[in-house]
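None of the figures in this text is laboratory data; all of them are computed from the coordinates on show. The model shown is predicted, which means the values in this text are computed figures rather than measured ones. Because the Cβ atoms are built from the backbone with ideal geometry, glycine has one as well, and the counts that use them run over all protein chains shown.
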């Protein structure tokens, strides 16, 4: 990537707000990265609405070079946006624990009428459609976790390995250039230094750092 270094746009997941990336953004800023956060209504909104809003947010940044990082459902929003739009200046993309292939816990919850409202409309709409076609030229990296502690434990028999909400298999986006599994839970990805280090490494080089000392 040529200077100036691209900005980073962070996209949050279900039940969250862009402020959840505050620590990652502060740490990245100390390393010279300028960043932004996109917030959307993950419960009351729609998949198309969130994706179109993300495209509008990117356009509002003036078309400057931009990497995009999505956590959990946020990564699915990023993929859906890239299938519907191709904003100018998009660089690399990192998906953090995103259920891009499926979500076993969400499908089980959807079977219980009294619990369906807890996951809103955006995630079920994502699960109801085939994976979108995204430009294969895009450099997409995927981070998964394998520490099974989180809200997803209320659902029995979640396949392992998983991060407490999303299984490693569910994160394996077929168009990804690289995939790495870190010893993290789903929520730890929002503050763990190892997660940020790997994210920035991919944004800078197009690959993760698979040396054992950087993964464990």
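How much length, in nm to one decimal, is gained on full extension between residue 204 and residue 115, taken as 0.36 nm per residue of separation minus their Cα-Cα distance?
Net length gain for the segment: 27.9 nm.
Among 121-127, 54-60, how do they line up from the highest to the lowest mean number of other beta-carbon atoms within 10 Å?
Result, highest mean Cβ count within 10 Å first: 121-127, 54-60.
For the range 124-202 and the range 42-70, what is the separation of their Cα centres, given in Å?
20
Restricting to the chain, compute how many DSSP beta bridges are antiparallel as a %, nearest 5. Working shown, then result.
Working: 1 of 24 bridges.
So the antiparallel bridges amount to about 5 percent of the total.
For a protection proxy built on the mean count of beta-carbon atoms within 10 angstrom, sort 160-168, 39-47, 74-82, 109-117 highest first, please.
74-82, 160-168, 39-47, 109-117
By how many nm would the segment from residue 133 to residue 213 grow when fully extended, if each residue of separation counts as 0.36 nm and the alpha-carbon distance is taken off?
25.3 nm
Per the helix-only calculation at 222 nm, which mean residue ellipticity applies to the chain, given -39500 (n - 2.57) for every DSSP H run of n ≥ 4 and division by its residues, nearest 500 deg cm²/dmol? Spell out each step's value before the answer.
Values: 7 runs with 65 residues, N = 216.
So the helix-based figure for the chain works out to -8500 deg cm²/dmol.
Measuring from label point to label point, each 7 Å out along Cα→Cβ, what is the residue 85 to residue 17 span in nm?
Inter-label distance under the simple model: 2.3 nm.
How would you rank 131-137, 178-184, highest first, on the average number of other Cβ atoms within 10 Å across their residues?
178-184, 131-137
How far is it, in nm, from the label point at residue 101 to the one at residue 147 when both lie 7 Å from their Cα along the line to the Cβ?
According to this spin-label approximation, the distance is 2.3 nm.
Measuring from label point to label point, each 7 Å out along Cα→Cβ, what is the residue 43 to residue 27 span in nm?
So the label points at residue 43 and residue 27 sit 2.9 nm apart.
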